[in-house]
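Working notes for the structure below.
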Amino acid sequence: MHIKHLALTAAASAALLLSLPAAAQFAKSEDAIKYRQSALFVMGQHFSRLGAMASGRAPFDAKVAQENADIVAALAKLPWAGFGPGTDKGAPTKAKPEVWTEQAKFMELADKMQAETLKLAAAAKTGSLDEVKAAFGPAANSCKACHDAYRSR
């Protein structure tokens, strides 16, 4: 009985921790802002490398494309925890107030971007520049759609 009780307690504790708001991950709003900005910056760096190959500004290297696409797809999951309640202030940010007043629409665009980056990663795994080019445009457009709606210049 003791092990069963311990397992139930552990499961309940884990469920409680996983259900806490994302903002609770950060000691202060400034930390959340830095986190999301950092994740988006690094993702942008790797995405730009793919864009350079897709546009012919850099030679296509299938291995490098796959590595960068995998990083982009992984990083695409991260920034959203940094947009919790109260993270509209605390550090300089380009996020528009609509991020918090239109959370459902904002997250819909975030989900679309994540889906497109997964498609880009799958395309890169083929080793085909044509596949990467075909997937890069929709991924770039998904980023742009969110920036156009929710990022100040």
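The values are calculated or read from the model by the stated rules, or taken from the named source; none is laboratory data. The model shown is predicted, which means the values in this text are computed figures rather than measured ones. Positions of Cβ are generated from backbone atoms using ideal geometry, with glycine treated the same way; all protein chains shown enter the neighbour counts. Surface accessibility is based on the protein's heavy atoms, side chains included, excluding ligands, DNA and RNA. Shrake-Rupley method; radii C 1.70, N 1.55, O 1.52, S 1.80 Å.
Structure values in brief
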read-out	value
From Glu131, Glu108, residue being without any contact (Cβ under 8 Å) to a residue 12 or more places away in the chain, within 18 Å of the chain's Cα centre (by Cα) and farther than 16 Å from Ser29 by Cβ	Glu108
Residue in the stretch 25-35 that is on the phi < 0 side of the Ramachandran plot, open to solvent by 40 Å² or more (accessible area, probe 1.4 Å) and within 16 Å of the chain's Cα centre (by Cα) present	yes
Any hit, the stretch 51-61, residues being under 14 Å from Thr117 (Cβ atoms) and either surrounded by fewer than 15 Cβ atoms within 10 Å (Cβ to Cβ) or at pLDDT below 95 (or both)	no
Test for Phe60: is it aromatic (Phe, Trp, Tyr) and part of a helix (DSSP H, G or I)	no
Test result for Ala32, out of contact with any Cys (no Cβ under 8 Å at 6 or more places or on another chain), closer than 24 Å to Gln114 by Cβ and either in a helix (DSSP H, G or I) or modelled with pLDDT under 90 (or both)	yes
Hits in the stretch 102-119 (condition: among the charged types (D, E, K, R) and in a helix (DSSP H, G or I))	Lys105, Glu108, Asp111, Lys112, Glu116, Lys119
